[in-house]
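Each reported figure results from applying straightforward, stated rules to the coordinates on display, with no laboratory input. All figures in this text were calculated on a predicted structure; none of them were measured in a lab. Note: ideal-geometry Cβ built from the backbone for every residue, glycine included; neighbour counts use all protein chains shown.
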Amino acid sequence: MKLIIVANPEAGAVRAAEIVIQQIKAKPASVLGLPTGGTPVGLYAQLAKAVKTKQVDLSHVKTFNLDEYYGLPKEDAQSYYTFMNVNLYAPCGLRPDQTHIPSGTAPDAEAEVCAYDAAISKAGGLDLQVLGIGGNGHIGFNEPGTDPKSRTHVVTLTQNTREANARFFTSIGEVPTHAMTMGIQTILDAKAILMLVFGSNKADILFDALKGPVSIENPASFLQNHPDVIVIADQAAGARL
Ligand code: GLP
């Protein structure tokens, strides 16, 4: 595992964009796994800038998002589809056939999650999975206790996670209770992983994930078992490392 400490989230976004762009230059048809949340917003802005200034061509890339709220239509302002469309797809001119997110309104959720893993495999597997980390160590929506062998599945969100994500909704009552997420094994099957961690509120969980035991109590700790992981942390998040 390679740890890169940067001064602040802005510097982290620039460094992360360099790594993603390097991946795409090495393999223009790269398959990228992508996160939502506050953490990757700066990275997506950097990628949009690189597309506009023709530093990178994303027209052959395929993207698979980590997760989606279950029950929210894609047009909902709080859906992860909308988040991705606003922050990455539209600014980078990605076509609908390039992007994938589980459908939060699929009538058969089990069929949807199985089809998602199959689509990732059909695309050739994830070349680079970008991750954030939840305050309890969740990756995607794999909460503590998730089977490390899990593939894309439906999850019940913990109260902590719903509270953390309530900032994007008008009230906690509106935060969905369930989500669809790539499993821990789906994530670990990626050839390379880039995790971004910013802010002092992530310092303890990041320390546990990287230096603590590999345990289902901290889903991000399973990254210790992956051969090609880069972690970019700002000084606040990396304070204990
Ligand atoms: C959300 C997402 C995760 C994300 C995490 C951290 O619940 N499902 O993929 O990494 O929370 O979010 P943030 O980057 O806003 O701290």
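Name the long-range amide H neighbours of V130: under 5 Å, sequence gap of 5 or more, or other chain; modelled H, no Pro or chain starts.
G33, L34, L194
Order the peptides 192-198, 221-227 from the highest to the lowest mean number of other Cβ atoms within 10 Å of their residues. Walk me through the intermediate numbers first.
Details: 192-198: 24.3, 221-227: 16.0.
Ranked by mean Cβ neighbours within 10 Å, highest first: 192-198, 221-227.
Quick one: Debye curve from the alpha-carbon atoms of the chain only, equal weights, vacuum; give me log10 I(q)/I(0) at q = 0.15 Å⁻¹ to two decimals.
-1.03
Nearest 500 deg cm²/dmol is fine: what mean residue ellipticity at 222 nm does the chain get from its DSSP H runs of n ≥ 4 alone, each adding -39,500 (n - 2.57), divided by its residue count?
Numbers: 7 runs with 70 residues, N = 241.
The per-residue figure over the chain is -8500 deg cm²/dmol.
Regarding the range 15-117, what's the average projected area of the Cα-atom convex hull, expressed in nm²? Write out the running numbers ahead of the final one.
On the way: hull surface 25.6 nm².
Over every viewing direction, the Cα hull of the range 15-117 projects on average to 6.4 nm².
For A90 and I172, compute 0.36 nm times the residue count separating them, minus their Cα-Cα distance, and round to one decimal in nm. Can you show the working numbers first?
On the way: separation 82, 0.36 × 82 = 29.52 nm, distance 2.84 nm.
This chain segment gains 26.7 nm when fully extended.
For the range 66-181, restrict the atom set to alpha-carbon positions and state the Rg and Dmax in Å.
Final numbers for Rg and Dmax: 14.1, 40 Å.
Of the candidates T63, T105, T181, which one comes out as most mobile in a Gaussian network treatment of the chain with C-alpha springs shorter than 10 Å?
Comparing T63, T105, T181 in the GNM, the peak value goes to T105.
Using a Gaussian network model of the chain whose springs link C-alpha atoms within less than 10 Å, name the residue from S59, S79, S30 with the highest mean-square fluctuation.
Looking only at S59, S79, S30, the biggest GNM fluctuation is shown by S59.
If each of E110 and E75 carries a label point 7 Å out from its Cα toward its Cβ, how far apart are those two points in nm?
Label at E110, label at E75, 3.1 nm between them.
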